[in-house]
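A short write-up of the structure that comes next.
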Amino acid sequence: MSVKKKPLVVVTRKLPDSIETRMRELFDARLNLDDTPMTPQQIAEASRSADVLVPTVTDMISEEMLKHPDCKLRMIANFGNGVDNIDVTAAHARGITVTNTPKVLTEDTADMTMALILAVPRRLIEGATILPDGKNWPGWSPTWMLGHRIGGKRLGIIGMGRIGQAVARRARAFGLQIHYHNRRPVAPVIAEELGATYWESLDQMLARMDIISVNCPHTPATYHLLSARRLKLIRKDAYIVNTARGGVIDEDTLVKLLEAGDVGGAGLDVYEHEPAVNPKLVRLAKAGKVTLLPHMGSATIEGRVEMGEKVIINIRTFLDNHKPPDRVLPSML
């Protein structure tokens, strides 16, 4: 009796052990055990031999790669919710199925967003370095390390999807007033639950908020959504938090405004050119004007395992000739 050949699945980065073990059981899985990022050339070579590619958000899957006559891919099972790293239109035109891992990292990302909303006005990172760095601390003082209260402040959420709503629920518990800008208003029952005020005009909302949280996906329409012009609308004492994608903000302009004191501060987990981080942002962080995190908003063990499980379900469903539950189509972007 002949044994059916397992499909070749190439995984671009190191995944949790339990996920890699299961992939080895189910597929002819080619793993990246040392987690060294694959080069574009290596990914292109993988596309010419693999049935399924499992990239991450840092792996660019271009139109040129997908249109190559030797491209053998039948499926791209993205390990991540955002698919701005994949030319979904080109994949669809080639008959390649694309999937992602939605609804997994909502709570983790919202937790980190809320952490930054707290950290920036209350100067938590600055305070946390005083004792470990051996700096002279004379003791409590009525006027030392003063930050700002967040209760009663206005939070403007850009992008009221799953993560935006999860942020709003947390922020409301801290006494923040919830405002939001979205392509369309959320359902009335959700708006009532969150006590949320809808702004059709992003410009008008930005000019009135105390804290702004970026929670929208990165698409061609949201690239530099916070443009130089819009950033200049923000109040001088306001704070910006971004746990979405770095490209949503014109980072160079944000840096200039922070240096000039024209924005109160920022909490950033993502960067426009990551993994490169603007050296000026690093200097601002050392001066206590910004809080910088290394893209760890979704970095929980539970979240990464759930993502891997979704990838496996999508692949198995596809290989069984059924529609994967998390298929991504160009019309959805």
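Here is a yes/no grid of residues against (1) under 26 Å from residue 111 (Cβ atoms); (2) open to solvent by less than 20 Å² (accessible area, probe 1.4 Å); (3) in contact with a Phe, Trp or Tyr (Cβ under 8 Å, 6 or more places away or on another chain); (4) not hydrophobic (A, V, I, L, M, F, W, C):
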{"position": "217", "(1), (2), (3), (4)": "yes, no, no, yes"}
{"position": "272", "(1), (2), (3), (4)": "yes, no, no, yes"}
{"position": "280", "(1), (2), (3), (4)": "no, no, no, yes"}
{"position": "314", "(1), (2), (3), (4)": "yes, yes, no, yes"}
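Across segment 78-92, which residue is farthest from residue 322 (Cα to Cα) among those that are open to solvent by 50 Å² or more (accessible area, probe 1.4 Å) and modelled with pLDDT under 95?
My answer is 84.
All but one of (1) farther than 21 Å from residue 97 by Cβ; (2) free of Cβ contacts under 8 Å to residues at least 60 places away in the same chain; (3) open to solvent by 20 Å² or more (accessible area, probe 1.4 Å) hold for residue 321; state the number of the condition that does not hold.
Unmet for residue 321, out of (1) farther than 21 Å from residue 97 by Cβ; (2) free of Cβ contacts under 8 Å to residues at least 60 places away in the same chain; (3) open to solvent by 20 Å² or more (accessible area, probe 1.4 Å): (1).
Of the residues 72, 67, which is out of contact with any Pro (no Cβ under 8 Å at 6 or more places or on another chain), surrounded by fewer than 18 Cβ atoms within 10 Å (Cβ to Cβ) and under 22 Å from residue 316 (Cβ atoms)?
72
Does residue 129 fit the bill of being surrounded by 11 or more Cβ atoms within 10 Å (Cβ to Cβ) and in contact with a Lys or Arg (Cβ under 6 Å, 6 or more places away or on another chain)?
It is false that residue 129 is surrounded by 11 or more Cβ atoms within 10 Å (Cβ to Cβ) and in contact with a Lys or Arg (Cβ under 6 Å, 6 or more places away or on another chain).
It is to be established whether one or more residues within segment 188-199 are surrounded by fewer than 22 Cβ atoms within 10 Å (Cβ to Cβ) and under 27 Å from residue 272 (Cβ atoms).
Checking segment 188-199: at least one residue is surrounded by fewer than 22 Cβ atoms within 10 Å (Cβ to Cβ) and under 27 Å from residue 272 (Cβ atoms).
Look through segment 137-159, keep the residues that are over 24 Å from residue 127 (Cα atoms) and over 14 Å from the mean Cα position of the chain (by Cα), and return whichever of them is surrounded by the most Cβ atoms within 10 Å (Cβ to Cβ).
Looking at residues that are over 24 Å from residue 127 (Cα atoms) and over 14 Å from the mean Cα position of the chain (by Cα), I get 157.
Is it fair to say residue 105 is more than 18 Å from the chain's Cα centre (by Cα) and buried (at least 19 other Cβ atoms within 10 Å of the Cβ)?
Values: more than 18 Å from the chain's Cα centre (by Cα): no; buried (at least 19 other Cβ atoms within 10 Å of the Cβ): yes.
Judged against the criteria, residue 105 is not a match.
Are there any pairs, at least 6 apart or on different chains, whose C-beta atoms fall under 9 Å, with the first in segment 235-263 and more than 21 Å from residue 223 (Cα to Cα) and the second open to solvent by 30 Å² or more (accessible area, probe 1.4 Å) and in a helix (DSSP H, G or I), and if so, which?
259/280; 259/283; 262/256
Does residue 19 satisfy being aliphatic (A, V, I, L, M) and assigned to a helix (DSSP H, G or I)?
yes
For segment 6-27, which positions are in contact with a helix residue (DSSP H, G or I) (Cβ under 9 Å, 6 or more places away or on another chain), open to solvent by 60 Å² or more (accessible area, probe 1.4 Å) and at pLDDT 95 or above?
Hits for segment 6-27 are 14, 18, 22.
So which residues in segment 28-56 are open to solvent by less than 30 Å² (accessible area, probe 1.4 Å) and either assigned to a strand (DSSP E or B) or over 23 Å from residue 86 (Cα atoms) (or both), if there are any at all?
29, 52, 53, 54, 56
Assess whether residue 3 counts as being closer than 15 Å to residue 75 by Cα and either modelled with pLDDT of 95 or more or open to solvent by 60 Å² or more (accessible area, probe 1.4 Å) (or both).
On the way: closer than 15 Å to residue 75 by Cα: no; either modelled with pLDDT of 95 or more or open to solvent by 60 Å² or more (accessible area, probe 1.4 Å) (or both): yes.
No, not satisfied.
Can you go through 177, 165 and tell me which one is surrounded by 20 or more Cβ atoms within 10 Å (Cβ to Cβ) and of a type in the set (S, T, N, Q)?
Values: 177 fails: surrounded by 20 or more Cβ atoms within 10 Å (Cβ to Cβ).
Within the list 177, 165, the selection yields 165.
Being aliphatic (A, V, I, L, M), surrounded by fewer than 16 Cβ atoms within 10 Å (Cβ to Cβ), within 30 Å of residue 130 (Cβ to Cβ) and at pLDDT 95 or above, is that true of even one residue in segment 257-266? Lay out the reasoning, then the answer.
First pass over segment 257-266, keeping only residues aliphatic (A, V, I, L, M): 257-258, 260, 263, 266.
Imposing the further condition that a residue be surrounded by fewer than 16 Cβ atoms within 10 Å (Cβ to Cβ) reduces the set to 260.
Next cut, within 30 Å of residue 130 (Cβ to Cβ) only: 260.
Restricting the remaining residues to those that are at pLDDT 95 or above gives 260.
Checking segment 257-266: at least one residue is aliphatic (A, V, I, L, M), surrounded by fewer than 16 Cβ atoms within 10 Å (Cβ to Cβ), within 30 Å of residue 130 (Cβ to Cβ) and at pLDDT 95 or above.
Of all residues being open to solvent by 90 Å² or more (accessible area, probe 1.4 Å) and part of a helix (DSSP H, G or I) in segment 324-333, which is modelled with the highest pLDDT? Just the residue, please. Before the answer, list the steps.
As a first pass, look at segment 324-333 and keep what is open to solvent by 90 Å² or more (accessible area, probe 1.4 Å): 331-333.
Add one more test, that the residue is part of a helix (DSSP H, G or I), and what stays is 331-332.
On the way: 331: 85, 332: 80.
Ranking the qualifying residues of segment 324-333, first place goes to 331.
The values are calculated or read from the model by the stated rules, or taken from the named source; none is laboratory data. In this text, all values refer to a predicted model and were calculated from it rather than measured experimentally. When we count neighbours, we look across all protein chains shown, and the Cβ atoms used for this are built from the backbone with ideal geometry, even at glycine. Heavy atoms of the whole protein, side chains included, go into the accessibility calculation; ligands, DNA and RNA do not. Shrake-Rupley method; radii C 1.70, N 1.55, O 1.52, S 1.80 Å.
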